[in-house]
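The values are calculated or read from the model by the stated rules, or taken from the named source; none is laboratory data. Source: prediction; values computed, not measured. In this analysis, Cβ positions are derived from the backbone assuming ideal geometry, glycine residues included, and neighbour counts consider all displayed protein chains. Areas reflect the complete protein model, heavy atoms only, side chains present, ligands, DNA and RNA absent. Shrake-Rupley method; radii C 1.70, N 1.55, O 1.52, S 1.80 Å.
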Amino acid sequence: NRGAFGVAAALLGGALVVALAYPLAALVTFTSPAAILSNATDPAVLRTLYLSVYAPLLATLLAFVLGVPLALLLRRGFRGQAVVAALVDLPLVVPHSVAGLAVLLAFGSGHAFPTVPVLGAMPGLVLALAFVSAPYMVNGAREGFEAVDENVERAARSLGANRVETFRRVTLPLALRGLVSGAVLSWARAVSEYGAVAVVAYNVSFFYPPAGERVQGMFGSVFVVRQLDVNFESAVSVAVLLLCVCVVVFLAVR
Amino acid sequence: NRGAFGVAAALLGGALVVALAYPLAALVTFTSPAAILSNATDPAVLRTLYLSVYAPLLATLLAFVLGVPLALLLRRGFRGQAVVAALVDLPLVVPHSVAGLAVLLAFGSGHAFPTVPVLGAMPGLVLALAFVSAPYMVNGAREGFEAVDENVERAARSLGANRVETFRRVTLPLALRGLVSGAVLSWARAVSEYGAVAVVAYNVSFFYPPAGERVQGMFGSVFVVRQLDVNFESAVSVAVLLLCVCVVVFLAVR
Amino acid sequence: MTLDVDVTGTFTDADEAFTVTADLTVERGETLVVLGPSGSGKSLLLELVAGFHDADGHVRLDGVDLVDAPPEERGTGMVFQNYALFEHMTVAENVAFGARYHENPRDADDVLDALGVADLAERSPDTLSGGESQRVALARALAVRPDVFLLDEPLSALDAPTRDALRRVLLDVLDGETAVYVTHDRTTARALGDRVAVMHGGELQQVGTPDEIFERPGSAFVARFTGANVLTRDSLPDAVTARLPAGERVVVRPEHVTLDPASADAGESGVLSAAVERVVREDAAYRVTVALDDAGTRLDAFAAEPPGGERVSVSFAAGALHVPRDRAKPEEGEAEV
Amino acid sequence: MTLDVDVTGTFTDADEAFTVTADLTVERGETLVVLGPSGSGKSLLLELVAGFHDADGHVRLDGVDLVDAPPEERGTGMVFQNYALFEHMTVAENVAFGARYHENPRDADDVLDALGVADLAERSPDTLSGGESQRVALARALAVRPDVFLLDEPLSALDAPTRDALRRVLLDVLDGETAVYVTHDRTTARALGDRVAVMHGGELQQVGTPDEIFERPGSAFVARFTGANVLTRDSLPDAVTARLPAGERVVVRPEHVTLDPASADAGESGVLSAAVERVVREDAAYRVTVALDDAGTRLDAFAAEPPGGERVSVSFAAGALHVPRDRAKPEEGEAEV
């Protein structure tokens, strides 16, 4: 009995493990490491990789600055909290291209910030990325804060630390894991984004330190798709490089 | 002191709430409900909506059948569990278009299933959706199972229920919330997908019950983008309709 | 410091409001134990005194009202059931945490040494046993020389022998300190309390010395909660109850019930006959449960030796019977648990 | 049913292996209490008997070895500290859960009635108090007429008065049943145990009747854990220890220590003089801690009345002193907690 149950579970579960692992293996083994490295020296690919890491970083920074205070408020509780918590989770279920369209309609020319270029520009890219990735930051921070035992903070207060000192010396260090994990997930989500970027801004001009000047570059996830019909092997190479960046960061957090 | 701290948090947090709510509001109010409804009667739009709900449903079903046993195994624990758990979470950080490319390389013509059409076909669409959404199913189910107190199951065993009966009468009912929430999140994630679909299969032929025959249709998130340059208002209408479907399901779970 | 508390606080949880109200004074150097069942509001009262919730009324320390002061300005030292140590610091850092906020803190090593845990100084809190954790938590509070110690069931999470050992430590530490100590355990209350306040349903039922609370409970609830027998007046013969004041219930502590071998005295004035139902050995004596012949009422008695036969004579020490002056809500919470 | 256990199980947590091994017999109708501190492996032993882990050795019920049988075929009825009720069922459904797997189950309503909680039948478990939950858990186990009751600290999560009330219920329920009862509380062990097994570090230290365990502890650990004074032989005068068997430690229970007003007897054979350090009222008596003059050794005594002065004479009842035959690892776990 135990046997039948266990074997069935192992077979079905194993199938899923294979189904998840096999595509990534197929991708990584499609081309040789040498080919990937030679593609990686192409200046356009390097600019793309830089943009794919840098723009999500800006988006995460934005999400961090705005999201950590929100997580604190959500933990403390306030009237209408349920509505705000639902709103924070909403981008998780909005179709990606719809999210892009929404950001475009909200912040595009003539809308919220008339003087900020959005369509096809860096601010638009960062805004779109922040929109889809902020929930990860807020939820990670919130879980981090909620894992801090209230009595531990009370002990600190009772020992003479005021609200700010208690936050700095007790709450923040204890919630740090949650904050970091939220930030990394938020960053990874931004790197992954394709739909919203494809709608709002995938080819943008940005300052590229190695060149010492502003250059034009394409966001990685879009570059992969655009390149498919042009140079399949180059597309795969960029895909593998992007995957490696994400996996390294992902493993670093776990 | 408390004041300054609170006001700063409220301002920053409030800014994020606005930044998340405003784009969705801008999208919904861009066009009139009447225009949306009139677009919704377009047969092509209806087919798109049907496909956007139906294909994710199939992907979720696949993820459910394979994912629930895997969640059970992960909860029970086994050698190499950490590796499998990491692998399950991996699709969460794989860039969406990279995921599509990986699925294409793994299951496309001449690969894993030589006789199953993948590129531009329904099986490919479902596989791509399942790849990106399975982690939500597995993690939801796993959380559901892990929330079941081990002693409650032990009590059932001690009262005479065997492993299967205990699962059916105790574990499953108590984990149901987690299973349902995992399935819905998985479905919502599949509906949202754009990148992988755009790479693997966005225009597919499928059986459409209202017409009683196979038709050609486009996946919603892709339809929105393709339609942007053709008919902006129709694109927005489909976006709003897709958003509504997702929001309704999302609110139903909470 | 003298602590003078007269506060009311209302807490809402899942749309149910619960009000805690208390009026009491803790004299300088006195330990007041707040005794009550789970859900009686005793921990919330402590949190009101510590300043973690908005409260109406006053919390005066040597006459200075602190009811609107933040927790860090109240000079309290708190100890919690779950220890609440700072997991990201060593034991020594935990104990030294409050030093910078106080003019004359105690040295961390000295305090740890005094509590017998000097060797733990460089350990991380998550490597400590329950008893060790609580000693460190106590050391941390001691280090800031608080005006008032507030202790929220510090022994409840510990196993019995550790609890006994730490109770002795607390007796030493709290000697001469002003303290409010919350517990559900009557033995701890009697051991540590200079005075005891019994709480139930968010209100104080009775405040007094341990002897007053245990020997002269103000209500049937207090009597039951402190381990006394609560009998109906009808279950005792008139000869026994004749001189008692009016009241439906009669309270007698098991240590004031005397059991003798069954004899012809039975039926005599003030001597009842009863059947032995159960004998259980406790620490210092046997707890004997007997059923009175006439009414079938059960009561407990302590005896140095187990009764010889199945039948005994029951008598009460002079002045042992007490009629509680039941307060407003006599029946509430009296149900057997 | 007679339960005959001789098992070894190894548990690995965070790369640390912990082995639990026990050899004991529970006679038909007998309650065996496994007494030990947190982390001693007593709960793991119960889980080995219940069949939740792989074990080497045998678990025989009336001679039939069940060591490889799944839990549902072992005929056990388990009660847990955290109640472990089925939250998705009503109380009545909880109690009726096992009926379909047994030929002659008890009626759910009858069992609930017998435990005084018939009125809870249609309630959801999450609306119950701790005491109510544990009565329901007990009813659920009772309903299947188990061959052996296995109880894992069923009273530990309850507050003191609820614990006392439920301990009385357990005395009735377990009367005549074969049961293994795990606890860290010596009072519960003495009240409920026909025999007591003391566990420490995954091994049984001593198995015996409560009197044997409490009066004749086999090791200093058992003595301390059961509340006895453990003294070094040197701290007592030769006149007192002369007739004792060889051994470094001398054990005496506080109830066998007699305190008398300080007198000229001091210095006489067998009478020691001491200073009173602390007097604490417990349920049945005063616990008096004294420091012996010569060695400064502290020991506890029970007294019906608090001592009159600061100095007392200490004497021991005949046969009260006991030298434990310490087992293999005498020092381990003896550190003060």
What is the diffusion coefficient of segment C:45-201 in µm²/s, taking the Kirkwood radius over Cα pairs and the Stokes-Einstein relation at 10 °C with a viscosity of 1.306 mPa s?
98 µm²/s
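How shielded is B:4-16 by partner chains, expressed as the average number of their Cβ atoms within 10 Å of its Cβ atoms? Each step should come with its number before you reach the end.
On the way: counts 2, 6, 6, 0, 1, 7, 5, 2, 8, 13, 5, 5, 16.
Shielding by partners across B:4-16 averages 6.
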Please give the contour-minus-distance gain from B:L61 to B:E146: 0.36 nm per residue of separation, less the Cα-Cα distance, rounded to one decimal in nm.
28.4 nm
Can you pull the one-decimal nm distance between simple spin-label points at A:S205 and C:A14, each 7 Å off the Cα toward Cβ?
6.1 nm
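Quick one: net charge of A:S158's neighbours, Cβ under 10 Å, K/R +1, D/E -1?
Cβ neighbours under 10 Å give a net charge of +2.
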Any idea which of C:V173, C:L244, C:P70 is furthest toward the positive side of the dipole for chain C, if Lys and Arg beta-carbons carry +1 and Asp and Glu beta-carbons -1?
C:L244
Using label points projected 7 Å from each Cα along Cα→Cβ, tell me how many nm separate D:D211 and D:A320, to one decimal.
1.8 nm
Once normalised by the length of segment C:114-212, the mean sequence separation of its alpha carbon contacts under 8 Å that are 6 or more apart gives a contact order in percent of 21 percent
How many nm is it between the label spots at D:N104 and D:A295, if each spot is 7 Å from the Cα in line with the beta carbon?
5.8 nm
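Which value results for Rg/Rh of the protein assembly as shown when Rg is the Cα radius of gyration and Rh the Kirkwood radius based on the inverse mean 1/r?
On the Cα set of the protein assembly as shown, Rg over Rh gives 1.04.
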Give the residue list of trypsin sites (Lys or Arg not before Pro) in segment A:40-117 that are DSSP loop and have at most 14 other beta-carbon atoms within 10 angstrom.
A:R79
Taking all protein chains in place and a 1.4 Å probe, what share, in percent, of the accessible surface of segment C:3-222 do carbon and sulfur account for?
42 percent
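Would you mind working out the accessible area per residue for chain D, using a 1.4 Å probe, and quoting it in Å²? Present the calculation step by step, with values, prior to reporting the outcome.
On the way: 13890 Å² over 337 residues.
Per-residue accessible area for chain D comes out at 41 Å².
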Inter-copy distances for D:V279, label 7 Å out on the Cα-Cβ vector, sorted ascending, nm, one decimal, are 3.0
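Can you pull a Stokes-Einstein diffusion coefficient for segment B:1-135 at 37 °C (0.692 mPa s), Rh from Kirkwood over Cα pairs, as a whole number of µm²/s?
On the way: Rh = 19.1 Å.
Diffusion coefficient, whole number: 171 µm²/s.
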Axis-proximal residue, chain C, for the rotation superposing C on D (Cβ, Å)
C:A284, 2
Rounded to the nearest 5, the percent of DSSP beta bridges in chain D running antiparallel is 75 percent
Between segment C:83-140 and segment D:35-106, how many Å separate their Cα centres?
41 Å
Under the Karplus curve 6.51 cos²θ - 1.76 cosθ + 1.60, θ = phi - 60°, whole-Hz ³J(HN,Hα) for segment B:47-56, x wherever Gly or Pro sits
4, 4, 5, 4, 4, 5, 8, 6, 4, x
Run the label-point distances for A:S38 please: 7 Å along Cα to Cβ, every other copy, nanometres, shortest first.
5.8
How large is log10 I(q)/I(0) at q = 0.13, 0.15, 0.17 Å⁻¹ when the Debye formula is applied to the Cα atoms of chain B, each weighted equally and without solvent?
-0.95, -1.11, -1.25
Residue by residue through segment C:125-142, which ³J(HN,Hα) values in whole Hz follow from phi under the Karplus form 6.51 cos²θ - 1.76 cosθ + 1.60 (θ = phi - 60°), with glycine and proline marked x?
x, 6, 9, 8, 6, x, x, 5, 4, 5, 5, 5, 4, 5, 4, 4, 6, 4
Where both residues lie in the protein assembly as shown, what percent of DSSP beta bridges are antiparallel, nearest 5?
75 percent
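With the other protein chains left in place, how much accessible area per residue, in square angstrom, belongs to chain B at a 1.4 angstrom probe?
Result: 39 Å² per residue.
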For chain B, what is the charge dipole size about the Cα centre, in debye to the nearest 20, if Lys and Arg each add +1 at the Cβ and Asp and Glu each add -1 at the Cβ?
720 debye
How high is the relative contact order of segment A:145-254, in percent, counting Cα pairs under 8 Å that sit 6 or more residues apart?
20 percent
With the contact rule set at Cα under 8 Å and sequence spacing of 6 or more, what percent relative contact order holds for segment D:3-222?
29 percent
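Quick one: if the Förster radius is 45 Å, what FRET efficiency do A:V230 and A:V83 give, using the C-beta to C-beta distance and rounding to 0.05?
Once the sixth-power term is evaluated, E becomes 0.45.
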Phi-based couplings in Hz for segment C:111-119 (Karplus 6.51, -1.76, 1.60; Gly and Pro marked x)
5, 4, 4, 4, 9, x, 10, 4, 6
Using alpha carbon positions and the Kirkwood radius, the Rg to Rh ratio of segment B:171-254 is 1.07
Nonlocal amide H pairs with B:Y208, under 5 Å, H built at 1.01 Å
B:E213, B:R214, B:V215
Length gained when the stretch A:A40-A:R168 is fully extended (0.36 nm per residue, less Cα-Cα span)
41.8 nm
What does the convex hull of the alpha-carbon atoms of segment D:7-49 project to on average, in nm²?
3.3 nm²
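Quick one: pull the percentage of alpha-carbon pairs in segment C:1-128 with a separation above 16 Å.
Percent of Cα pairs beyond 16 Å in segment C:1-128: 70.
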Fraction of beta bridges assigned by DSSP in segment D:47-203 that are antiparallel (%, nearest 5):
25 percent
Which whole number gives the average, over all residues in A:166-176, of C-beta atoms from other chains lying within 10 Å of the residue C-beta?
2
In square angstrom to the nearest 100, the accessible surface buried at the B/A interface, both sides summed with a 1.4 Å probe, amounts to 7000 Å²
The alpha-carbon center of segment A:112-155 and that of segment D:194-224 are separated, in whole Å, by 59 Å
Relative to the longest principal axis of chain C, what angle (0 to 90°, nearest 10) does the C-alpha long axis of helix C:160-174 take?
70 degrees
Kirkwood-based shape ratio for segment C:230-322, expressed as Rg/Rh from alpha carbons:
0.94
Per-residue mean of C-beta atoms belonging to partner chains within 10 Å, peptide C:69-78:
5
Can you list, shortest first and in nm, the gaps between the label point of D:A318 and those of its counterparts in the other copies, using a point 7 Å from Cα in the C-beta direction?
3.4
Per the Debye formula with a single identical scatterer at each Cα and no solvent contribution, what log10 I(q)/I(0) holds for chain D at q = 0.12, 0.13, 0.15 Å⁻¹?
-0.90, -1.00, -1.18
